[in-house]
Amino acid sequence: MNKFIVANAQECINCHVCEVACAVAHHHEQWPEKTAFYPRIRVLTQQGKSVALTCRHCNDAPCVTSCPVAALTLTQDAVKLDEALCIGCKNCVLACPFGAIEMVAPEGEENALAQKCDLCADSAAGQPACVAGCPTQALTLMDGAGLRALRQQRQRATASGRYDAGRTPLRSARLLARAARKGATKVPAEARKTHFGEIYQGLDAQQAAFESERCLYCASKAWCNWTCPLHNAIPDFVRLVSEGRVQEAAELCNSSSSLPEICGRVCPQDRLCEGACTLKDRSGAVSIGNLERYITDTALEQGWRPDLSGVTPRRERVAVVGAGPAGLGCADILARHGVQVDVFDSHPEIGGLLTFGIPPFKLDKQVLSQRRDIFSAMGINFHLSCEVGRDIGFDALLAGYDAVFLGVGTYGLMHAGLEHEDAPGVVQALPFLIASTRRVMGLEDDARYPWIDVAGKNVVVLGGGDTAMDCVRTSVRRGAASVTCAYRRDEASMPGSKKEVVNAREEGVEFAFNVQPQFIERNRKGHVTGIGMVRTRMGEPGADGRRRPQIIEGSEFILAADVLIMAFGFKPHPMPWLRQHGVSFDDWGLIETGAHGISTRTSNPKVYAGGDAVHGADLVVTAMAAGRQAAREMIAQFDVAQASGG
């Protein structure tokens, strides 16, 4: 009889560990790329109940008989697929009664081939990865002997009339018995809206212990760290906190993240790791972000610092353009491998938009200053208030360094396409936020980011993302008489962090949903006095899956505004100094990478790029991941050159 995997739906807790274990096992025990995540087992959820589905390795398998090229065969008590023989005809997909076979394009290939469970036949562990990894033992590798034992157990129960005889309490119930989430303490709205201090208080040791002990430790490689773009070792560092081993946890955090204390504060955990926590819809997700912040903050207070004493210096030198998350991530990895790094940035402090675009009530700027000291102690040289193309030529970087990394971000401003967007009182989000942050930091005003006084004024912010929330909450703290966020879709469609919307509401921000701007109203002196709006209803989803707003005829109205802030996000900014050095751009102005099969290499073989300037405005953590990847690819190329005598 063929072996097969049996799933006990009563024990399944929807943790997805089986999917992660399978994907990792078939990727040489490494995290696959997001585009290559194709587990051979899938967790299906319906009406609050979950069960894992995979190949049943049928004795008289219809997939085998349907295959015209014998790519599927019955061997070694299982149905085996020889992918080298597969022609992608899809007969097996049509024949499988369980929907357990799917068509997948291998990495680097265009044509999709069949993929199914192979029972981890080549695994050294001796059992399928999904079975070994399941935290509730909901998955069992069954064979003929196992079926006979199960049949006899049920016969005995039937004969005795004691159907519960021999049954043990559900492991899932015991595992899920966790206290409710508490998280970090938040400063009350009436107090916090009067200053720019961080609104979330850091966890103390007792709070950190409580949160860490709530963790189920589903697996070392779990759904939470799969959804993290950096694949932080979340279950392991949380466990270390529960054991009181904070400095070891800090080592672990800093091994996969260049800015853990910052990500703990500003990452949208509700959309990433915490959104993937098995406890999310039960007792509440483990407070991963607060724990990440606690670990590094506490370890730094205790004197912990990265130890690079064992690093062997290399001869290569790299110039990093941009001290934002991408540039810092790249510089961090390079320094840890002994490469000499110089970082150039036009701002007077590191961080890029982390420092100047994110308000201080979300991220205390002293945290960036402390991280700069750490990086400097690691041997990274910073050249701040130094703009490439103005203060130093790009050709000088190409001539003086072995490689250049571009982590320049996206500073271009998005417009609404309305007439009179240049009217007095109409401002862009980024200059508004930078000007405000510079004053909080005690820096002089910069003509590039003019100061806008909103005290006593009616402020309207157009947009629904995190930048819009930053603008409305900054306006509250700057003394605006009223602050309204106007968004063309419904609240559920807002792309930003949900907790930021909650925070804004608590601080007195009004929201106008399903409204679309039509025109800017001005007084006789040309100053903005309002924004003409029309109400919308949500229509059918577009190509991106998001529902499109449809205008409601006759619903026009004017929303009064003394200051109108455009918060539609960012786009690439012009970089003419790059084009003349063979760096190509796409039609959107983003830097093109992937040259010579290297994911972060540009069309100039000496220049690498990553972050928002390559993939568009995105998260801090995705930019950092791209910078770290670029550093690894540079080092690989340096090693190749060194081996060949270059």
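From the list THR35, THR65, THR45, the one residue that fits, being of a type in the set (S, T, N, Q), modelled with pLDDT of 95 or more and not in a loop (DSSP other than H, G, I, E, B), is THR65.
How many of the residues making up region 127-166 are over 28 Å from LEU216 (Cα atoms), outside any helix (DSSP H, G or I) and either at pLDDT below 85 or not charged (D, E, K, R) (or both)? Give the steps one after another, and end with the answer.
The first filter runs over region 127-166 and keeps only residues over 28 Å from LEU216 (Cα atoms), leaving 143-163, 165.
Remaining after also requiring outside any helix (DSSP H, G or I): 143, 161-163, 165.
Now restrict to residues that are either at pLDDT below 85 or not charged (D, E, K, R) (or both): 161-163, 165.
Of the residues in that region, 4 qualify.
Only one residue in ASP446, ASP453, ASP402 is charged (D, E, K, R) and at pLDDT below 95. Which one? Residue meeting the stated conditions: ASP446.
Within the set VAL266, VAL246, the sole residue that is closer than 12 Å to VAL621 by Cα, surrounded by fewer than 24 Cβ atoms within 10 Å (Cβ to Cβ) and touching a helix residue (DSSP H, G or I) at 6+ places or on another chain (Cβ under 7 Å) turns out to be VAL266.
Of all the numbered requirements in (1) more than 24 Å from PHE394 (Cα to Cα); (2) outside any loop (DSSP other than H, G, I, E, B); (3) assigned by TED's automatic domain parsing to the domain that holds GLN637, LYS362 misses one, and that requirement is (2). Taking region 374-397 as the range and being part of a loop (DSSP other than H, G, I, E, B), in contact with a strand residue (DSSP E or B) (Cβ under 6 Å, 6 or more places away or on another chain) and under 16 Å from GLY627 (Cβ atoms) as the test, only ILE380 passes.
Considering (1) out of contact with any Asp or Glu (no Cβ under 9 Å at 6 or more places or on another chain); (2) part of a loop (DSSP other than H, G, I, E, B); (3) surrounded by 11 or more Cβ atoms within 10 Å (Cβ to Cβ), the lone condition that ASP122 does not fulfil carries the number (3).
This table checks each residue for (1) surrounded by 22 or more Cβ atoms within 10 Å (Cβ to Cβ); (2) acidic (Asp, Glu); (3) within 30 Å of PRO229 (Cα to Cα).
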position	(1), (2), (3)
LYS3	no, no, no
VAL17	yes, no, yes
HIS26	no, no, yes
PRO32	no, no, yes
PRO39	yes, no, yes
THR45	no, no, yes
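The sole residue among ILE565, ILE558 that is exposed (fewer than 14 other Cβ atoms within 10 Å of the Cβ) and of a type in the set (A, V, I, L, M, F, W, C) is ILE558.
If I filter region 522-532 for residues that are of a type in the set (A, V, I, L, M) and under 28 Å from the mean Cα position of the chain (by Cα), do I get at least one hit?
Initial filter on region 522-532 (of a type in the set (A, V, I, L, M)): 528, 531.
Next, from what is left, pick out any that are under 28 Å from the mean Cα position of the chain (by Cα): none.
Checked against the condition, which is being of a type in the set (A, V, I, L, M) and under 28 Å from the mean Cα position of the chain (by Cα), region 522-532 yields no hits at all.
Does GLY479 satisfy the criteria of being modelled with pLDDT of 95 or more, touching a Gly at 6+ places or on another chain (Cβ under 9 Å) and within 30 Å of VAL187 (Cβ to Cβ)? Answer is yes for this residue. Out of region 446-466, which residues are crowded, with 24+ Cβ neighbours inside 10 Å and under 23 Å from the mean Cα position of the chain (by Cα)? GLY463, GLY464 - these are the residues of region 446-466 that are crowded, with 24+ Cβ neighbours inside 10 Å and under 23 Å from the mean Cα position of the chain (by Cα).
For residues that are touching a Lys or Arg at 6+ places or on another chain (Cβ under 7 Å) and not aliphatic (A, V, I, L, M), scanning just region 79-119, find the one that is surrounded by the most Cβ atoms within 10 Å (Cβ to Cβ). Even if it seems obvious, please write down each step before you answer.
Our first condition is that a residue be touching a Lys or Arg at 6+ places or on another chain (Cβ under 7 Å); within region 79-119, this holds for 81, 98, 100-101, 103, 115-119.
Okay, now just the ones that are also not aliphatic (A, V, I, L, M), so 98, 115-118.
Working: PHE98: 11, GLN115: 21, LYS116: 22, CYS117: 24, ASP118: 20.
So the residue we want is CYS117.
Can ALA189 be described as surrounded by fewer than 19 Cβ atoms within 10 Å (Cβ to Cβ), touching a residue at least 24 places away in the same chain (Cβ under 8 Å), of a type in the set (A, V, I, L, M, F, W, C) and over 23 Å from ILE262 (Cβ atoms)? Working first, answer last.
Numbers: surrounded by fewer than 19 Cβ atoms within 10 Å (Cβ to Cβ): yes; touching a residue at least 24 places away in the same chain (Cβ under 8 Å): yes; of a type in the set (A, V, I, L, M, F, W, C): yes; over 23 Å from ILE262 (Cβ atoms): yes.
Against the criterion (surrounded by fewer than 19 Cβ atoms within 10 Å (Cβ to Cβ), touching a residue at least 24 places away in the same chain (Cβ under 8 Å), of a type in the set (A, V, I, L, M, F, W, C) and over 23 Å from ILE262 (Cβ atoms)), ALA189 qualifies.
Strands (runs of 3 or more DSSP E) fully within region 398-492 that include at least 1 residues being assigned by TED's automatic domain parsing to the domain that holds ILE520 and under 28 Å from PRO549 (Cα atoms): 426-428, 458-462, 482-487.
Anything in region 424-445 that is at positive phi and surrounded by 15 or more Cβ atoms within 10 Å (Cβ to Cβ)? List them, or say none. Steps first, please.
Applying the first criterion (at positive phi) to region 424-445 yields 425, 442.
Result: GLY425, single match.
Every test in (1) closer than 27 Å to ALA138 by Cβ; (2) assigned to a strand (DSSP E or B) is passed by ARG40 save one, and that test is (2). Output the residue which, of all residues in region 575-626 that are touching a Pro at 6+ places or on another chain (Cβ under 8 Å) and without any contact (Cβ under 8 Å) to a residue 12 or more places away in the chain, is surrounded by the most Cβ atoms within 10 Å (Cβ to Cβ). Filtering first and then ranking leaves ALA595.
Here ASN14, ASN59 are screened, and the one residue that is closer than 26 Å to LEU279 by Cα and either part of a loop (DSSP other than H, G, I, E, B) or touching a residue at least 60 places away in the same chain (Cβ under 8 Å) (or both) is ASN14. Counting the residues of region 496-525 that are within 29 Å of ASP422 (Cα to Cα), at pLDDT below 95 and loosely packed, with under 15 Cβ neighbours inside 10 Å gives 0.
The values are calculated or read from the model by the stated rules, or taken from the named source; none is laboratory data. None of these values were measured; they are calculated from a predicted model. Every residue, glycine among them, receives a Cβ derived from its backbone with ideal geometry; neighbour counts consider all protein chains shown.
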